[in-house]
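Student: Take a look at this one; I'll ask things after.
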């Protein structure tokens, strides 16, 4: 099979859930990052929805008095932020890290970072968590009880998430090589062996320009 046929075959096989990156399975750092994102998504939806349903904070044993001096008077916007950034965004990030899809509207982000957009979203999550806690502590301090638990939990999530995203193996897993002519994405290709038994694994380079692909939405 010539190179053109190999790349075409790899583009078909590489979309499946069992596609490998760089000739290896997903590194442990990526699996751990996905697990953290899943836990954060659970917290985001659970905590955020309660803030939306009860903006007074009563379900969290919190009081709006701790918001004095802040731009908000209740926890409604906090709940919306939790559901959006810590819930919905994390679900998209989990899917992206596991499948590494190329969506044409994410190409500007891919080209800017040199990484798949899912890696950028995961790293941004860590930064958002850390900055959120810094701003929160600045405005309301660190009240006893559940508020402090949330602060400590989210701060740790942010630090560990960012650290995992910055690990070399995680970056290599989602790395895209950008050239002046377009995008060269490293994709592992699973090729059935001649004997029809265990597939042989080869790492090829797929060159694909930015912009819509045939079959893209």
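The values are calculated or read from the model by the stated rules, or taken from the named source; none is laboratory data. In this text, all values refer to a predicted model and were calculated from it rather than measured experimentally. As a convention, Cβ positions derive from the backbone with ideal geometry for all residues, glycine included, and neighbour counts pool all protein chains shown.
Student: Failed condition for residue 50, given (1) in contact with a helix residue (DSSP H, G or I) (Cβ under 7 Å, 6 or more places away or on another chain); (2) touching a residue at least 60 places away in the same chain (Cβ under 8 Å), with all others met?
Tutor: Every condition holds for residue 50 apart from (2).
Student: Report, by residue number, each residue of the stretch 16-68 that is modelled with pLDDT under 90 and either touching a strand residue (DSSP E or B) at 6+ places or on another chain (Cβ under 7 Å) or farther than 19 Å from residue 150 by Cβ (or both).
Tutor: Scanning the stretch 16-68 gives 16, 17, 18, 19, 20, 21, 22, 23, 24, 25, 26.
Residue-wise test of (1) at pLDDT below 80; (2) touching a helix residue (DSSP H, G or I) at 6+ places or on another chain (Cβ under 7 Å); (3) outside any helix (DSSP H, G or I).
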position: 105; (1), (2), (3): no, no, no
position: 111; (1), (2), (3): no, no, no
position: 123; (1), (2), (3): no, yes, no
position: 127; (1), (2), (3): no, yes, no
position: 133; (1), (2), (3): no, yes, no
position: 158; (1), (2), (3): no, yes, no
position: 161; (1), (2), (3): no, yes, no
position: 185; (1), (2), (3): yes, no, yes
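Student: With the requirement that a residue be modelled with pLDDT under 90 and either part of a helix (DSSP H, G or I) or at positive phi (or both), what does the stretch 163-183 give you?
Tutor: 182
Student: Tell me whether the stretch 97-104 contains one or more residues that are out of contact with any strand residue (DSSP E or B) (no Cβ under 8 Å at 6 or more places or on another chain) and at positive phi.
Tutor: no
Student: For residue 143, which of the numbered conditions (1) in a helix (DSSP H, G or I); (2) surrounded by fewer than 17 Cβ atoms within 10 Å (Cβ to Cβ) fails to hold?
Tutor: Checking residue 143 against (1) in a helix (DSSP H, G or I); (2) surrounded by fewer than 17 Cβ atoms within 10 Å (Cβ to Cβ), the one that fails is (1).
Student: Additional query: Quick check, is residue 93 in contact with a helix residue (DSSP H, G or I) (Cβ under 8 Å, 6 or more places away or on another chain), buried (at least 17 other Cβ atoms within 10 Å of the Cβ), over 22 Å from residue 50 (Cα atoms) and free of Cβ contacts under 8 Å to residues at least 12 places away in the same chain?
Tutor: no
Student: With the structure loaded, tell me whether residue 137 is more than 19 Å from residue 78 (Cα to Cα), out of contact with any strand residue (DSSP E or B) (no Cβ under 7 Å at 6 or more places or on another chain) and part of a helix (DSSP H, G or I) or whether it fails that test.
Tutor: Taking the combined requirement at face value, the residue does not satisfy it.
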